[in-house]
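Comments concern the structure below.
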Amino acid sequence: MNILASVYDKNGLDSFLKDILHEGDIVYATGKTADFIKSAGIDAISTSKLSGFEELLGGRVKTLVPSIFAGILSNRDAKSNEELKAMKFPQFDMVISNLYPFHEAAASGKLDAMIENIDIGGISLIRAAAKNFAHVSVITAKDQYVPISRIIREEGTIPLNVRQELAIKAFSLAVTYDVDIYNSLSRKLLPEHSMENLFLGFTGGTRLRYGENPDQEAYMYHGDEKLGIPGASQMSGKELSYNNILDSNAALETALEFEQPTVVIVKHLTPCGVASSAKLSEAYSRAFDADPESAYGFVMAANVEIDAETAGLIAKNFAEVVVAPSYSNEAFEILRKRKNLRILKTSMKMDGEMRIRSVSGGVLAQTPLRALPVNTVLKTSMSAPESAMADLMFAWKVVAHARSNAIVLAKSYAVTGMGSGQTSRVRALKMAGEIAGEKAEGSVLASDAYFPFSDSVEEAKRLGVVAIIQPGGSIRDNEVIAKCEEYSIPLYFTGKRVFLH
């Protein structure tokens, strides 16, 4: 077996070669890879013996020559064999190559580092070997060393089906690498055109039991970083469903809006209970009490570590998923006793990447929705007291993550009532008031879009609302402002709509 090795990450290569090499096998390797192999006591022939040079242009060119690629791409038929023999080119059976760390270089934001970490020779070797999987095995990652060693040890060779699998993984690596280069350089060099073409490079696809309904197939894919629900570690519980993932994401993204310890309870993609408190257990109790009927079979997220007291409260109710950055040992032991409860540990870092949504015949892409920043402007002669102003900003953060049309009532850093997903704004307000009941008295109100009519102010007055925050922008804003003046309800405009379909 003739092996060609050219790797950036050399960890494990020496052990792999020692495991698979037999008498008569020959290893060819590029510059530093050859030095590394030889230092491990393994014979290696430098590719300079084939190319006629050690390397060119400071290492930019090492393998891009016919004497190497012909031996990878040969069909092994009589004509090909004669050509290689005439040229004295070896025939390669295995190519081991991994790539310059472009992703890490791109994270630095330095253009020179990005350019120098665009791999040319390595990606070409990988593509050539993957194309010729009928005859060549292509090894592209360290985690392939052990299983391939075992296969060679047990079978004496690498079967075609394994070579095919290795080739597909190689093409997957190549395409995600190229997508990363395109996306990173587009943002750096042509930011105004960076979304002209959209290439997605998600990996780690996991088949789910089914989609939103049992007759739909579904998969979850991972981005490059360990962010969000796809990047979470599942510590216990049943397999996540498609709907679990959507609801968990909604809970997490809402929780990320808050700095104070906060619990978000979600049903069907919209928060039904949210509360903040210095004590997490209190935040949980108040969030659950916002709408206990809807909270049956809920998904929740906390933005701080879950302690034992909070875990004990969660365990008393029917929760589907709990998401948090960490769990105390006692809390985890309490929660894991609920065998069906999915316990997720994830980063609390916001994901700033584009949000992608499919439609028939294409996709839509937009930047993430964030409640803040806003520039609140008082539109009435009376202002809200400090406590009500704090509640207004709390309610605003919640309404930004509720399905439109959405109204949130809140008091003392807790949701008291919510109406969402309605086709009429005043109907959403009436729903919020119905859920809040007596708790509506003294609550503030947040609306995700402007009031088209003053009837919402009339309903707010009837419920006992003490202050309102909304984007503004209606042709009837003056009527709405006048009605708030009439009822002595402070009104603030944010100038920012937070519609969520």
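The values are calculated or read from the model by the stated rules, or taken from the named source; none is laboratory data. Bear in mind that the values here come from a model prediction, so they are computed numbers and not experimental data. Note: ideal-geometry Cβ built from the backbone for every residue, glycine included; neighbour counts use all protein chains shown.
Points to keep in mind about this one:
- Just one of (1) touching a residue at least 40 places away in the same chain (Cβ under 8 Å); (2) closer than 28 Å to ILE118 by Cα fails for ARG76. It is (2).
- Note on the range 350-366: residues that are closer than 16 Å to GLU257 by Cα and touching a Lys or Arg at 6+ places or on another chain (Cβ under 7 Å) amount to 0.
- For the range 27-71, filtering for residues that are touching a residue at least 60 places away in the same chain (Cβ under 8 Å) and over 11 Å from ALA5 (Cα atoms) leaves 5.
- Test: residue in the range 424-431 that is assigned to a loop (DSSP other than H, G, I, E, B), modelled with pLDDT of 95 or more and crowded, with 18+ Cβ neighbours inside 10 Å: no
- Taking the conditions (1) touching a Ser or Thr at 6+ places or on another chain (Cβ under 7 Å); (2) in a loop (DSSP other than H, G, I, E, B); (3) modelled with pLDDT of 95 or more in turn, VAL304 satisfies each one other than (1).
- Leading residue by the ranking (nearest to LEU56 (Cα to Cα)) among those in the range 109-168 that are of a type in the set (Ser, Thr, Tyr) and in a loop (DSSP other than H, G, I, E, B): THR140
- Any hit, the range 395-409, residues being surrounded by fewer than 19 Cβ atoms within 10 Å (Cβ to Cβ), free of Cβ contacts under 8 Å to residues at least 60 places away in the same chain and not in a strand (DSSP E or B): no
- Of the helices (runs of 4 or more DSSP H) that lie entirely inside the range 30-86, those containing 3 or more residues that are modelled with pLDDT of 90 or more, assigned by TED's automatic domain parsing to the domain that holds ILE139 and within 41 Å of the chain's Cα centre (by Cα) span 31-39, 66-73.
- Matching entry among GLY228, GLY211, GLY201 (being surrounded by 15 or more Cβ atoms within 10 Å (Cβ to Cβ), touching an Asp or Glu at 6+ places or on another chain (Cβ under 7 Å) and modelled with pLDDT of 90 or more): GLY228
- Sub-7 Å Cβ pairs linking a first residue in the range 231-248 that is farther than 16 Å from TYR219 by Cβ to a second residue that is crowded, with 17+ Cβ neighbours inside 10 Å and of a type in the set (Lys, Arg), at least 6 apart or interchain, are ALA232/LYS345; SER233/LYS345; GLN234/ARG342; MET235/LYS345; GLY237/ARG342; LYS238/ARG342, ordered by first then second residue.
- Hits in the range 340-388 (condition: of a type in the set (D, E, K, R), assigned to a loop (DSSP other than H, G, I, E, B) and touching a strand residue (DSSP E or B) at 6+ places or on another chain (Cβ under 8 Å)): LYS379
- The residues listed here are VAL263, VAL321; of these, the one that is out of contact with any His (no Cβ under 9 Å at 6 or more places or on another chain), outside any helix (DSSP H, G or I), without any contact (Cβ under 8 Å) to a residue 60 or more places away in the chain and closer than 27 Å to TYR221 by Cα is VAL263.
- Among the residues of the range 231-248, those that are hydrophobic (A, V, I, L, M, F, W, C) and surrounded by 18 or more Cβ atoms within 10 Å (Cβ to Cβ) comprise ALA232, LEU240, ILE245.
- Residue count for the range 156-177 satisfying the condition of being more than 13 Å from ALA141 (Cα to Cα), surrounded by 19 or more Cβ atoms within 10 Å (Cβ to Cβ) and among the aliphatic types (A, V, I, L, M): 1.
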